[in-house]
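Chemist: There's a structure below that I have some questions on.
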Amino acid sequence: MMDDEETGDLTDFGANVSRETFYRLKRFEDLLIKWNPYASLVSRKSVSDRRDRHFRDSAQLYRFWPPSCGNWLDLGSGGGFPALVLACQGLDSHPETGFTLVEPNAKKCAFLKTVARELGLNARIETVRAESLEPQNADVVSARALAPLEDLLGYAERHLAPDGLCIFPKGEGYEREIDAALQNWKFDLDIVRSETKNGAAILLARNIRRV
(Lines give C-alpha, C1' and ligand atoms only; values in the text may rest on other atoms or scores of the structure.)
Protein backbone atom coordinates (compact mmCIF):
# COMPACT_ATOMS: atom_id res chain seq x y z
CA MET A 1 0.00 0.00 0.00
CA MET A 2 1.16 3.53 -0.77
CA ASP A 3 1.06 6.10 1.99
CA ASP A 4 -0.80 9.41 1.55
CA GLU A 5 2.29 11.23 0.34
CA GLU A 6 2.95 8.68 -2.39
CA THR A 7 -0.68 8.77 -3.50
CA GLY A 8 -0.56 12.55 -3.72
CA ASP A 9 2.59 12.42 -5.78
CA LEU A 10 0.98 9.89 -8.08
CA THR A 11 -2.03 12.16 -8.64
CA ASP A 12 0.27 15.10 -9.33
CA PHE A 13 1.70 13.28 -12.35
CA GLY A 14 -1.78 12.71 -13.81
CA ALA A 15 -5.05 11.02 -12.99
CA ASN A 16 -5.09 7.26 -12.52
CA VAL A 17 -1.48 6.48 -13.37
CA SER A 18 -0.24 3.06 -12.35
CA ARG A 19 2.48 2.42 -9.79
CA GLU A 20 4.87 1.47 -12.60
CA THR A 21 4.07 4.65 -14.52
CA PHE A 22 4.56 6.71 -11.37
CA TYR A 23 8.09 5.41 -10.87
CA ARG A 24 8.98 5.99 -14.53
CA LEU A 25 7.71 9.57 -14.35
CA LYS A 26 9.51 10.16 -11.07
CA ARG A 27 12.80 9.03 -12.64
CA PHE A 28 12.08 11.24 -15.65
CA GLU A 29 11.49 14.14 -13.26
CA ASP A 30 14.77 13.49 -11.43
CA LEU A 31 16.68 13.50 -14.72
CA LEU A 32 14.94 16.69 -15.81
CA ILE A 33 16.03 18.51 -12.66
CA LYS A 34 19.59 17.22 -13.04
CA TRP A 35 19.94 18.11 -16.73
CA ASN A 36 18.00 21.38 -16.85
CA PRO A 37 20.89 23.71 -15.87
CA TYR A 38 22.97 22.21 -18.67
CA ALA A 39 20.40 21.75 -21.45
CA SER A 40 17.74 24.41 -20.70
CA LEU A 41 14.95 21.87 -21.06
CA VAL A 42 12.27 24.02 -19.43
CA SER A 43 12.33 27.57 -18.09
CA ARG A 44 13.80 28.01 -14.62
CA LYS A 45 10.53 29.61 -13.53
CA SER A 46 8.50 26.54 -14.49
CA VAL A 47 10.79 24.00 -12.79
CA SER A 48 9.12 24.60 -9.41
CA ASP A 49 5.70 23.97 -10.97
CA ARG A 50 6.89 21.18 -13.24
CA ARG A 51 4.34 18.52 -12.32
CA ASP A 52 1.31 20.65 -13.15
CA ARG A 53 2.92 22.79 -15.86
CA HIS A 54 4.62 20.00 -17.79
CA PHE A 55 3.83 16.49 -16.54
CA ARG A 56 0.08 16.69 -15.95
CA ASP A 57 -0.36 18.95 -18.95
CA SER A 58 1.25 16.25 -21.09
CA ALA A 59 -0.40 13.28 -19.36
CA GLN A 60 -3.91 14.54 -20.16
CA LEU A 61 -3.25 13.78 -23.84
CA TYR A 62 -3.25 10.05 -23.09
CA ARG A 63 -7.06 10.02 -23.43
CA PHE A 64 -6.73 10.76 -27.15
CA TRP A 65 -4.46 7.78 -27.89
CA PRO A 66 -5.96 6.06 -30.98
CA PRO A 67 -6.92 2.37 -30.63
CA SER A 68 -4.38 1.42 -33.29
CA CYS A 69 -1.19 3.47 -33.31
CA GLY A 70 2.12 2.16 -34.54
CA ASN A 71 4.06 5.39 -35.03
CA TRP A 72 3.62 8.49 -32.87
CA LEU A 73 5.62 11.46 -34.13
CA ASP A 74 6.34 14.34 -31.74
CA LEU A 75 7.74 17.56 -33.17
CA GLY A 76 9.90 20.02 -31.27
CA SER A 77 10.16 17.62 -28.35
CA GLY A 78 12.38 19.85 -26.20
CA GLY A 79 12.44 18.42 -22.69
CA GLY A 80 10.27 15.44 -23.65
CA PHE A 81 6.84 16.98 -23.26
CA PRO A 82 4.46 15.50 -24.15
CA ALA A 83 6.13 12.56 -25.88
CA LEU A 84 8.18 10.97 -23.09
CA VAL A 85 5.37 11.39 -20.56
CA LEU A 86 3.05 9.57 -22.96
CA ALA A 87 5.69 6.92 -23.68
CA CYS A 88 5.91 6.30 -19.92
CA GLN A 89 2.12 6.00 -19.67
CA GLY A 90 1.77 3.70 -22.66
CA LEU A 91 4.76 1.40 -22.22
CA ASP A 92 2.61 -1.36 -20.73
CA SER A 93 -0.81 -0.55 -22.20
CA HIS A 94 0.31 0.25 -25.77
CA PRO A 95 3.56 -1.67 -26.36
CA GLU A 96 2.93 -1.62 -30.13
CA THR A 97 3.37 2.17 -30.31
CA GLY A 98 6.79 3.53 -31.14
CA PHE A 99 7.57 7.20 -30.52
CA THR A 100 9.76 9.34 -32.76
CA LEU A 101 10.90 12.57 -31.11
CA VAL A 102 12.15 15.34 -33.39
CA GLU A 103 14.36 17.98 -31.80
CA PRO A 104 17.14 19.99 -33.53
CA ASN A 105 18.99 20.96 -30.32
CA ALA A 106 21.82 18.50 -29.65
CA LYS A 107 21.90 19.01 -25.87
CA LYS A 108 18.19 18.38 -25.57
CA CYS A 109 18.51 15.31 -27.76
CA ALA A 110 21.23 13.93 -25.48
CA PHE A 111 18.81 14.31 -22.58
CA LEU A 112 15.93 12.68 -24.48
CA LYS A 113 18.13 9.72 -25.41
CA THR A 114 19.24 9.33 -21.79
CA VAL A 115 15.65 9.25 -20.51
CA ALA A 116 14.51 6.83 -23.21
CA ARG A 117 17.46 4.51 -22.52
CA GLU A 118 17.25 4.55 -18.72
CA LEU A 119 13.48 4.02 -18.68
CA GLY A 120 13.42 1.44 -21.48
CA LEU A 121 10.97 3.46 -23.55
CA ASN A 122 9.96 2.60 -27.09
CA ALA A 123 11.32 5.87 -28.48
CA ARG A 124 13.91 7.04 -30.98
CA ILE A 125 15.33 10.53 -31.17
CA GLU A 126 15.99 12.47 -34.38
CA THR A 127 18.32 15.48 -34.15
CA VAL A 128 16.78 17.35 -37.06
CA ARG A 129 14.12 19.92 -37.92
CA ALA A 130 10.64 18.69 -38.79
CA GLU A 131 10.82 20.06 -42.33
CA SER A 132 14.08 18.19 -43.00
CA LEU A 133 12.90 14.80 -41.72
CA GLU A 134 11.87 12.17 -44.24
CA PRO A 135 8.05 11.79 -44.39
CA GLN A 136 7.01 9.52 -41.53
CA ASN A 137 3.45 8.40 -42.39
CA ALA A 138 2.69 8.73 -38.67
CA ASP A 139 -0.56 7.63 -37.06
CA VAL A 140 -0.29 10.57 -34.66
CA VAL A 141 1.56 13.88 -34.93
CA SER A 142 1.84 15.92 -31.74
CA ALA A 143 3.52 19.21 -30.91
CA ARG A 144 3.47 21.32 -27.76
CA ALA A 145 4.51 24.99 -27.75
CA LEU A 146 6.32 24.66 -31.08
CA ALA A 147 4.65 26.91 -33.66
CA PRO A 148 1.37 28.50 -34.74
CA LEU A 149 -1.32 26.10 -35.96
CA GLU A 150 -0.83 27.15 -39.58
CA ASP A 151 2.81 26.01 -39.48
CA LEU A 152 1.97 22.82 -37.59
CA LEU A 153 -0.52 21.84 -40.29
CA GLY A 154 2.26 22.21 -42.86
CA TYR A 155 4.42 19.77 -40.90
CA ALA A 156 1.47 17.43 -40.48
CA GLU A 157 0.75 17.42 -44.20
CA ARG A 158 4.29 16.11 -44.72
CA HIS A 159 4.37 13.52 -41.95
CA LEU A 160 0.82 12.38 -41.14
CA ALA A 161 -0.75 9.18 -42.48
CA PRO A 162 -3.93 9.74 -44.54
CA ASP A 163 -6.17 8.62 -41.68
CA GLY A 164 -3.92 9.99 -38.92
CA LEU A 165 -4.61 12.35 -36.03
CA CYS A 166 -2.91 15.58 -34.97
CA ILE A 167 -2.85 16.46 -31.28
CA PHE A 168 -1.87 20.07 -30.64
CA PRO A 169 -2.21 21.56 -27.12
CA LYS A 170 -2.73 25.31 -27.33
CA GLY A 171 -2.99 28.15 -24.83
CA GLU A 172 -5.24 31.17 -24.80
CA GLY A 173 -5.68 32.69 -28.23
CA TYR A 174 -6.08 29.35 -30.02
CA GLU A 175 -9.21 30.71 -31.75
CA ARG A 176 -7.07 33.29 -33.55
CA GLU A 177 -4.67 30.55 -34.65
CA ILE A 178 -7.56 28.54 -36.05
CA ASP A 179 -8.89 31.55 -37.98
CA ALA A 180 -5.43 32.23 -39.42
CA ALA A 181 -4.93 28.58 -40.41
CA LEU A 182 -8.26 28.46 -42.22
CA GLN A 183 -6.94 31.02 -44.70
CA ASN A 184 -4.68 28.36 -46.24
CA TRP A 185 -5.89 25.00 -44.92
CA LYS A 186 -8.96 22.83 -44.70
CA PHE A 187 -9.18 20.30 -41.87
CA ASP A 188 -11.61 18.53 -39.58
CA LEU A 189 -11.22 19.86 -36.05
CA ASP A 190 -12.36 18.92 -32.56
CA ILE A 191 -11.61 21.34 -29.70
CA VAL A 192 -11.31 19.88 -26.21
CA ARG A 193 -10.90 22.03 -23.12
CA SER A 194 -7.62 21.58 -21.28
CA GLU A 195 -7.81 19.92 -17.87
CA THR A 196 -4.80 21.83 -16.56
CA LYS A 197 -4.96 25.39 -17.94
CA ASN A 198 -7.87 27.82 -17.91
CA GLY A 199 -8.58 29.12 -21.40
CA ALA A 200 -6.38 26.50 -23.04
CA ALA A 201 -7.48 23.70 -25.36
CA ILE A 202 -6.31 20.62 -27.18
CA LEU A 203 -6.85 20.79 -30.94
CA LEU A 204 -7.53 17.46 -32.64
CA ALA A 205 -7.14 17.79 -36.40
CA ARG A 206 -7.71 15.29 -39.21
CA ASN A 207 -8.03 15.26 -43.00
CA ILE A 208 -5.59 18.14 -43.54
CA ARG A 209 -5.38 19.62 -47.03
CA ARG A 210 -4.33 22.90 -48.57
CA VAL A 211 -6.94 25.36 -49.79
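Chemist: I need a count of the residues in the range 41-83 that are part of a loop (DSSP other than H, G, I, E, B) and at pLDDT below 95. Lay out the reasoning, then the answer.
Modeler: Filtering the range 41-83 for residues part of a loop (DSSP other than H, G, I, E, B) gives 41-43, 48-49, 65-70, 76-82.
Checking which are at pLDDT below 95 leaves us with 42-43, 48-49, 67-68.
Residues in the range 41-83 being part of a loop (DSSP other than H, G, I, E, B) and at pLDDT below 95: 6 in total.
Chemist: Consider LYS197 carefully, then state whether it is within 14 Å of SER58 (Cα to Cα), crowded, with 19+ Cβ neighbours inside 10 Å and either within 18 Å of the chain's Cα centre (by Cα) or not aromatic (Phe, Trp, Tyr) (or both).
Modeler: Values: within 14 Å of SER58 (Cα to Cα): yes; crowded, with 19+ Cβ neighbours inside 10 Å: no; either within 18 Å of the chain's Cα centre (by Cα) or not aromatic (Phe, Trp, Tyr) (or both): yes.
Against the criterion (within 14 Å of SER58 (Cα to Cα), crowded, with 19+ Cβ neighbours inside 10 Å and either within 18 Å of the chain's Cα centre (by Cα) or not aromatic (Phe, Trp, Tyr) (or both)), LYS197 does not qualify.
Chemist: If you scan the range 157-183, which residues turn out to be at pLDDT below 95 and more than 18 Å from PHE64 (Cβ to Cβ)? Let's see the steps before the verdict.
Modeler: Taking the range 157-183 as the starting set, the residues that turn out to be at pLDDT below 95 are 171-173.
Hits for the range 157-183 are GLU172, GLY173.
Chemist: Quick check: is even one residue across the range 117-129 touching a residue at least 12 places away in the same chain (Cβ under 8 Å), part of a helix (DSSP H, G or I) and farther than 25 Å from ASP190 by Cα?
Modeler: The first filter runs over the range 117-129 and keeps only residues touching a residue at least 12 places away in the same chain (Cβ under 8 Å), leaving 118-129.
Next cut, part of a helix (DSSP H, G or I) only: 118-119.
In the following step, the residues that additionally are farther than 25 Å from ASP190 by Cα were identified as 118-119.
For the range 117-129, residues touching a residue at least 12 places away in the same chain (Cβ under 8 Å), part of a helix (DSSP H, G or I) and farther than 25 Å from ASP190 by Cα: present.
Here's the yes/no breakdown for (1) among the polar types (S, T, N, Q); (2) at pLDDT below 95; (3) surrounded by fewer than 22 Cβ atoms within 10 Å (Cβ to Cβ):
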{"residue": "SER93", "(1), (2), (3)": "yes, yes, yes"}
{"residue": "GLY98", "(1), (2), (3)": "no, no, yes"}
{"residue": "LEU101", "(1), (2), (3)": "no, no, no"}
{"residue": "ASN105", "(1), (2), (3)": "yes, no, yes"}
{"residue": "LYS108", "(1), (2), (3)": "no, no, no"}
{"residue": "LEU112", "(1), (2), (3)": "no, no, no"}
{"residue": "LEU121", "(1), (2), (3)": "no, no, no"}
{"residue": "THR127", "(1), (2), (3)": "yes, no, yes"}
{"residue": "LEU133", "(1), (2), (3)": "no, no, yes"}
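Chemist: Name the residue that is farthest from ILE202 (Cα to Cα), counting only residues in the range 135-149 that are in contact with a helix residue (DSSP H, G or I) (Cβ under 9 Å, 6 or more places away or on another chain) and open to solvent by 60 Å² or more (accessible area, probe 1.4 Å).
Modeler: Looking only at the range 135-149, we keep the residues that are in contact with a helix residue (DSSP H, G or I) (Cβ under 9 Å, 6 or more places away or on another chain), and these are 135-138, 140-144, 146-149.
Pick out the ones that are also open to solvent by 60 Å² or more (accessible area, probe 1.4 Å) and you get 135, 137, 146, 148.
Values: PRO135: 24, ASN137: 22, LEU146: 14, PRO148: 13 Å.
Selected residue: PRO135.
The values are calculated or read from the model by the stated rules, or taken from the named source; none is laboratory data. Small disclaimer: the values here were computed from a predicted structure and weren't measured. Positions of Cβ are generated from backbone atoms using ideal geometry, with glycine treated the same way; all protein chains shown enter the neighbour counts. Surface accessibility is based on the protein's heavy atoms, side chains included, excluding ligands, DNA and RNA. Shrake-Rupley method; radii C 1.70, N 1.55, O 1.52, S 1.80 Å.
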